[in-house]
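The values are calculated or read from the model by the stated rules, or taken from the named source; none is laboratory data. Since the model is a prediction, treat every value here as computed from it, not as a measurement. All Cβ positions, even for glycine, are placed from backbone atoms using ideal geometry, and neighbour counts span all protein chains on display.
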Amino acid sequence: MKAEIISIGTELLLGQITDTNAPYLASELPLLGIDLYWITQVGDNRNRLVDALKRACNRSDIIITTGGLGPTEDDVTREAIAELVGEEMRIDPETEQWLRGIFQTMSYEMPESNIRQAYLIPSARAIPNLQGTAPGWWVEHEGKVILAMPGPPGEMKQMWENEIRPDLKRKLSGEVIISRTIKTLGLTEAKVDEMVSPLLSSSNPTLAVYAKLDGIQLRLTAKDRERSKAEKVIAKAEEQLNNILGWAIWGYDEDTLEDLVGTMLRERGLSLATMESCTGGLLASTITDVPGSSDYFKGGLVAYSAEMKAAFGVDATLLAQKGTVDPEVAAAMARAARLRLEADIGIGITGVAGPAEVKGKPVGTVHIAIDAEGKRSALSVQYPPRRPEVKRRAVYSALFKLRQLLLDWE
């Protein structure tokens with residue numbers, strides 16, 4: 001089955017928003033055994049959208065649109081699909097009742113323009129939207145499937161996961177498709193690709209390598225008409241990858257570093273404190289994204305200036321000699337955080353997030369240190385010079401180093 005995604009909205013073409021729907025769907029379709037060959041962006045213009053739909057129908061089996069299902073005059077996705085299939089739109093009484101019920105629940109009178117969202121054509125069925133007022137459309141016409149979803153990413157994702165993906169899965173060949181994601185850190189994408197190259201040519205399972213902020217991820221996908229056989233294929237390939245990548249693997253599928261580290265701290269009865277400079281509190285924020293993190297996280301200190309580092313316990317002479325961006329300063333920050341907040345483990349992060357270098361230290365320079373009684377760990381890295389990325393990657397590297405230390409904890 002060949003698929004095509006059409007992202008709709010003039011704001012996409014003007015660069016006012018970034019299309020996150022297409023990348024998300026592109027990562028989902030292979031899990032259903034669907035090949036994605038084209039992604040198109042088109043503005044809020046009915047004629048151009050009809051042309052895009054015609055091209056898609058000529059070369060693809062499944063056409064997925066996002067956007068253009070709102071109540072305003074420039075929301076033309078419904079009209080374009082109706083023109084494509086040559087059918088007349090009419091108000092669907094059930095959808096109208098559902099729409100009016102939403103507004104009644106919010107104690108608002110429904111604007112008459114919203115009635116456009118209750119339109120259907122004979123070959124379409126409405127797809128429920130649990131997070132907005134724009135139902136989707138599932139259209140089957142001349143052997144093609146056209147799936148129209150709303151543009152807001154939260155609405156689209158909910159509709160895809162709960163309404164469309166399960167039905168598509170049932171409609172397809174009947175093959176069982178199983179996927180497994182293996183997460184690594186500490187190796188470059190090129191290095192991982194080189195290490196696993198013998199497996200990249202496999203057709204079942206397939207192996208794809210992706211660069212993410214929390215490391216390099218590998219996704220195995222296997223298909224078979226019997227689930228047990230697909231699971232065996234995945235298990236064999238996963239064992240090979242574990243042997244190849246070893247220490248660099250930190251998690252699987254939905255695992256997050258902050259959750260894994262939190263579990264390890266809780267199991268060992270250990271507490272944690274942080275002192276951050278270039279990450280500005282992002283490490284503490286990420287740690288506390290995990291429910292129950294108060295069981296092990298004592299707190300975080302954001303010491304952006306040399307004066308604040310000294311105030312929190314970093315030796316002022318060391319700061320004067322080394323500056324604020326230095327491995328020894330990171331180690332002193334980790335120790336100061338541990339002692340000041342009376343924790344078992346302290347983490348210190350200092351670096352240059354950008355956009356300008358600091359006293360000859362280039363943007364992307366980061367020093368990370370971990371201090372525990374009798375145990376220490378350190379990492380100095382150079383990240384690409386993009387401020388948000390530097391901060392996020394520094395946080396993940398710190399958590400990865402903490403995980404390695406905890407694995408050896410006795």
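Numbers below:
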{"quantity": "Filtered residue count, the stretch 332-368, keeping only those that are of a type in the set (A, V, I, L, M, F, W, C) and farther than 17 Å from TYR296 by Cα", "calculated": "11"}
{"quantity": "Unique match (being surrounded by 19 or more Cβ atoms within 10 Å (Cβ to Cβ), touching a strand residue (DSSP E or B) at 6+ places or on another chain (Cβ under 8 Å) and among the small types (Gly, Ala, Ser)) among ALA353, ALA303", "calculated": "ALA303"}
{"quantity": "Wholly within the stretch 240-315, helices (runs of 4 or more DSSP H) carrying at least 3 residues that are outside the structural domain of GLU189 (by TED's automatic domain parsing) and farther than 28 Å from PRO385 by Cα", "calculated": "257-268"}
{"quantity": "Residue list for the stretch 103-140, restricted to those being within 15 Å of GLY70 (Cα to Cα) and out of contact with any helix residue (DSSP H, G or I) (no Cβ under 9 Å at 6 or more places or on another chain)", "calculated": "GLU112, SER113"}
{"quantity": "The stretch 322-356, subset among the charged types (D, E, K, R) and assigned to a loop (DSSP other than H, G, I, E, B), residue farthest from TYR396 (Cα to Cα)", "calculated": "GLU342"}
{"quantity": "Residue in the stretch 333-354 that is among the basic types (Lys, Arg), outside the structural domain of LEU213 (by TED's automatic domain parsing) and touching an Asp or Glu at 6+ places or on another chain (Cβ under 8 Å) present", "calculated": "yes"}
{"quantity": "The stretch 364-373, residues that are under 25 Å from the mean Cα position of the chain (by Cα) and assigned to a loop (DSSP other than H, G, I, E, B)", "calculated": "GLY364"}
{"quantity": "Enumerated helices (runs of 4 or more DSSP H) restricted to the stretch 13-123, each holding at least 3 residues that are under 28 Å from the mean Cα position of the chain (by Cα)", "calculated": "21-28"}
{"quantity": "Of all residues making up the stretch 34-72, the number that are free of Cβ contacts under 8 Å to residues at least 12 places away in the same chain and farther than 24 Å from MET1 by Cβ", "calculated": "2"}
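Yes/no matrix, rows are residues, columns are (1) modelled with pLDDT of 95 or more; (2) polar (S, T, N, Q); (3) more than 20 Å from GLY43 (Cβ to Cβ); (4) buried (at least 20 other Cβ atoms within 10 Å of the Cβ):
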{"site": "ALA124", "(1), (2), (3), (4)": "yes, no, yes, yes"}
{"site": "ASN129", "(1), (2), (3), (4)": "no, yes, yes, yes"}
{"site": "HIS141", "(1), (2), (3), (4)": "no, no, yes, no"}
{"site": "MET149", "(1), (2), (3), (4)": "yes, no, no, yes"}
{"site": "GLN158", "(1), (2), (3), (4)": "yes, yes, yes, no"}
{"site": "ARG165", "(1), (2), (3), (4)": "no, no, yes, no"}
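Residues are listed down the side, and each one gets a yes or a no for (1) closer than 22 Å to SER201 by Cα; (2) more than 18 Å from the chain's Cα centre (by Cα):
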residue: ALA211; (1), (2): yes, no
residue: ILE216; (1), (2): yes, no
residue: ARG227; (1), (2): no, yes
residue: VAL233; (1), (2): yes, yes
residue: LEU245; (1), (2): yes, yes
residue: ILE249; (1), (2): yes, yes
residue: LEU260; (1), (2): no, no
residue: THR274; (1), (2): no, yes
